[in-house]
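Colleague: Handing you a structure now.
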Amino acid sequence: MANIERFAPSPTGPLHLGHAFSVLTAFERAKKAHGRFLLRIEDIDASRCRPEWEALIFEDLAWLGITWKKPVLRQSTRIPAYRAALQSLWNMGLLYPCTCSRADIKSAANAPQEGATLHGPDGLIYPGTCRTKLLPDHMPTTPLRLKMPEAFSRSIGDIVVARQNMGTSYHLSVVVDDAFQDVTHVTRGEDLAGATPIHKYLQKLLGLPVPEYFHHRLIRDENGKRLAKRDNARSIQKYRADGATPQDIRKVIGL
């Protein structure tokens, strides 16, 4: 089977240099292996995603010299597939509704009897407050958590697999879609290395193939901080407007 790589951005803001490094790394790995490269739009968070950001993603990637197989898969069209996966996990007795707010989780995690607060891939590790509550007869549409095995409980906690008003979560949708698109190789930043055990566990539970994961170095600012949308990292669009070339971008990010 040919190598199939993918780049899966969320249209919640402009792409920055960190995205450029990730997509160019994935694209060139696929090209070197004579494989295929896919673009997937992760737009499950309707409250934050915007069509203008999606259009800019296409413009930036084309400018960088990236080509991709069409049509582009959008996660917003895949809700029934995520619901089916959730139903399978519910039928296994592995899910439970969770009504805890972030403030509730923070309060429980900081309680004296819990000791020092711990952080996992999703932030504060969930203390399991709702895990032992009586389950309804049918899978609800409320937020759902996955009962993680003991080996993961201290470092990860019970992860959210269905968020409010989304019907899914990043962890669930990404493994369902990677399997649907026959993705064989996942190239992403080392900041997501902590999510990989979660994804492998979900793949095992759902009987899905496990891609080969490669975690690349991160692009950081002059203070050593990882570039992020929320910190207004300098966008590729801004570099383009200032007259930079794709080769200039490659030099800046060390390719």
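Colleague: So for segment 48-57 (the condition being under 23 Å from Gly254 (Cα atoms) and either modelled with pLDDT of 95 or more or among the small types (Gly, Ala, Ser) (or both)), does at least one residue qualify?
Modeller: Within segment 48-57, one or more residues are under 23 Å from Gly254 (Cα atoms) and either modelled with pLDDT of 95 or more or among the small types (Gly, Ala, Ser) (or both).
Colleague: Pick from Pro127, Pro143, Pro136, Pro149: which is more than 26 Å from Thr25 (Cα to Cα), modelled with pLDDT of 90 or more and surrounded by 16 or more Cβ atoms within 10 Å (Cβ to Cβ)?
Modeller: Pro143
Colleague: Related question: What are the pairs with Cβ atoms under 9 angstrom where one residue, in segment 182-208, is assigned to a strand (DSSP E or B) and the other, located anywhere, is among the basic types (Lys, Arg)? Sequence gap at least six, or different chains.
Modeller: Cβ pairs passing all conditions: His185/Arg6; His185/Arg29; Val186/Arg6; Thr187/Arg6; Thr187/Arg29; Gly189/Arg217; Gly189/Arg226.
Per-residue answers, yes or no, for (1) touching a helix residue (DSSP H, G or I) at 6+ places or on another chain (Cβ under 7 Å); (2) assigned to a loop (DSSP other than H, G, I, E, B); (3) of a type in the set (Asp, Glu):
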position: Val23; (1), (2), (3): yes, no, no
position: Phe27; (1), (2), (3): no, no, no
position: Leu38; (1), (2), (3): no, no, no
position: Ile44; (1), (2), (3): yes, yes, no
position: Arg48; (1), (2), (3): no, yes, no
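Colleague: Can I ask one more? Kindly indicate which of Phe58, Phe21, Phe37 is buried (at least 19 other Cβ atoms within 10 Å of the Cβ) and free of Cβ contacts under 8 Å to residues at least 60 places away in the same chain.
Modeller: Phe37
Colleague: Separate question: Among the residues of segment 164-181, how many are surrounded by fewer than 16 Cβ atoms within 10 Å (Cβ to Cβ) and in a loop (DSSP other than H, G, I, E, B)?
Modeller: The number of residues fulfilling the criteria is 2.
Colleague: For segment 195-251, which positions are aliphatic (A, V, I, L, M), at pLDDT below 90 and either farther than 24 Å from Asp177 by Cβ or out of contact with any helix residue (DSSP H, G or I) (no Cβ under 9 Å at 6 or more places or on another chain) (or both)?
Modeller: Those that are aliphatic (A, V, I, L, M), at pLDDT below 90 and either farther than 24 Å from Asp177 by Cβ or out of contact with any helix residue (DSSP H, G or I) (no Cβ under 9 Å at 6 or more places or on another chain) (or both): Ile219, Leu227, Ala233.
Colleague: Suppose the filter is touching a Ser or Thr at 6+ places or on another chain (Cβ under 7 Å), free of Cβ contacts under 8 Å to residues at least 24 places away in the same chain, among the aliphatic types (A, V, I, L, M) and assigned to a helix (DSSP H, G or I); does Ala108 pass it?
Modeller: Judged against the criteria, Ala108 is a match.
Per-residue answers, yes or no, for (1) farther than 25 Å from Thr12 by Cα; (2) outside any strand (DSSP E or B); (3) outside the structural domain of Arg29 (by TED's automatic domain parsing):
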residue: Glu52; (1), (2), (3): no, yes, no
residue: Ile57; (1), (2), (3): no, yes, no
residue: Trp63; (1), (2), (3): no, yes, no
residue: Ile66; (1), (2), (3): no, yes, no
residue: Lys70; (1), (2), (3): no, no, no
residue: Ala85; (1), (2), (3): yes, yes, yes
residue: Ser88; (1), (2), (3): yes, yes, yes
residue: Tyr96; (1), (2), (3): yes, no, yes
residue: Thr99; (1), (2), (3): yes, yes, yes
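Colleague: Any idea which of (1) over 20 Å from Leu206 (Cβ atoms); (2) among the polar types (S, T, N, Q); (3) in contact (Cβ under 8 Å) with a residue 60 or more places away in the chain is the one Thr142 doesn't satisfy?
Modeller: Only one criterion is unmet by Thr142, namely (3).
The values are calculated or read from the model by the stated rules, or taken from the named source; none is laboratory data. This is a predicted model, so every value here is computed, not measured. In this analysis, Cβ positions are derived from the backbone assuming ideal geometry, glycine residues included, and neighbour counts consider all displayed protein chains.
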